[in-house]
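The values are calculated or read from the model by the stated rules, or taken from the named source; none is laboratory data. The structure presented is a predicted model; accordingly, all values stated were derived computationally and were not measured. As a convention, Cβ positions derive from the backbone with ideal geometry for all residues, glycine included, and neighbour counts pool all protein chains shown.
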Amino acid sequence: MTKKVSMQQIADRLGLSKYSVSQALSGKQGVSEETREKVIEMAKAMGYSFSPASAPADNRQSAEAGQPAGERSFVLIWTKPDQRRDISFWNRVISGIIDGCELYGRDHLIISNNTGEQEFEFPPYADRSSCVGVILLGSLTDSTLLAVKKLGLPVVLADHYAPFLGIDCVVNANLEAAKTVCLNVIASKAGSIVFVGDDGFSVSFSERRWGCQIAVMEENEKNGSNVAFARWTVPYRGPWRHALETEIKHMTEDNRPDCFICANDDIAVGLLTLLRNYEYSVPGQFKVVGFDDIEMAAHSNPPLTTVDFGKEDLGFRTIEVLERRIAKPDSAPEKVVLSFRLVVRQSG
């Protein structure tokens with residue numbers, strides 16, 4: 001293509017600022033998903049040169065690129081549509097990945113399946129010879145991971161662990177964090193704990209439940225305590241709020257816990273709302289604790305006690321691990337476990 005389309009031309013056509021166009025094309029926060037999609041489609045229609053090379057929109061996958069085209073290599077970032085809409089967690093992880101790409105002089109290409117299936121296909125419009133590696137976000141099936149491995153490119157998992165596939169990964173210290181949270185509420189005289197989550201949703205959810213359960217078992221064995229532990233399973237991919245409300249309705253004076261520990265802050269904030277609707281007092285009658293320290297955790301009623309893992313750090317470290325794999329392709333698979341910080345607020 002002979003003419004070079006600039007970000008300013010795209011901005012003028014859409015009536016947006018150049019900054020908004022730049023944020024949309026680079027996959028960063030600051031613009032709505034609707035605006036991001038409009039910018040990407042207009043850029044493609046005007047012949048804007050993405051890096052990797054642009055192409056007509058694919059009806060199965062959406063794509064977002066970084067800097068204008070050049071000779072630089074790029075990192076392929078594969079995410080799910082619901083993760084791209086999650087501004088409180090996954091968008092911050094992606095922001096860390098992009099920062100890492102910029103530091104190492106890499107471009108990036110973000111793709112996601114519009115239909116929600118977990119089948120991976122290398123985008124046909126991207127220059128595969130310029131791709132130095134793939135970063136996969138969140139939980140994926142082993143069959144999907146094997147399909148990606150067959151590409152022969154370095155692969156790093158963000159917030160997922162596949163021990164039998166020999167894939168590098170960066171994860172949070174979910175088990176240790178959950179044990180710390182649980183021991184903290186036990187120290188505050190909680191004699192019964194209910195964990196609210198969905199083990200099938202992600203490895204993180206499962207590890208957090210196990211961490212709490214192990215902490216209770218160890219407390220009872222070592223100190224002769226009699227702390228009770230139970231689980232409420234809610235379908236996090238489905239109508240989990242309805243399932244959670246049903247559990248609350250079925251509570252009696254005999255089975256009400258002293259503390260709810262939720263698999264993430266989203267569930268915890270939803271639980272706070274439901275408990276308030278049913279005229280329960282937090283922390284008067286129940287303590288409630290979550291994980292991830294998303295923005296709304298500090299603004300919930302009451303403010304939520306939670307665990308901060310450092311979302312941007314998770315993304316940035318995936319790039320560091322990828323660069324290590326590029327430099328040392330024959331080295332042993334690496335599992336990087338990031339530490340955590342307990343954030344104590346009024347809810348627990």
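Here Ala187 fulfils each of the conditions (1) at pLDDT 90 or above; (2) among the small types (Gly, Ala, Ser); (3) surrounded by 18 or more Cβ atoms within 10 Å (Cβ to Cβ) apart from (3). Would it be correct to say that Ser225 is part of a helix (DSSP H, G or I), touching an Asp or Glu at 6+ places or on another chain (Cβ under 9 Å), outside the structural domain of Ile319 (by TED's automatic domain parsing) and not charged (D, E, K, R)? Taking the combined requirement at face value, the residue does not satisfy it.
Quick one: which of Leu183, Leu146, Leu151, Leu165 is free of Cβ contacts under 8 Å to residues at least 40 places away in the same chain, within 25 Å of Phe74 (Cα to Cα), in a helix (DSSP H, G or I) and of a type outside the set (Lys, Arg)? Going through Leu183, Leu146, Leu151, Leu165 in turn, just one is free of Cβ contacts under 8 Å to residues at least 40 places away in the same chain, within 25 Å of Phe74 (Cα to Cα), in a helix (DSSP H, G or I) and of a type outside the set (Lys, Arg): Leu146. A Cβ distance below 7 Å, combined with a sequence gap of six or more or placement on separate chains, defines the contacts here; from region 112-135, residues that are not assigned by TED's automatic domain parsing to the domain that holds Lys80 reach no residue that is at pLDDT below 80. Summed over region 186-208, the residues that are in a helix (DSSP H, G or I) and closer than 29 Å to Ala332 by Cα give a count of 6. When region 187-221 is filtered for residues that are among the hydrophobic types (A, V, I, L, M, F, W, C) and within 15 Å of the chain's Cα centre (by Cα), the ones remaining, listed by number, are Phe201, Val203, Phe205.
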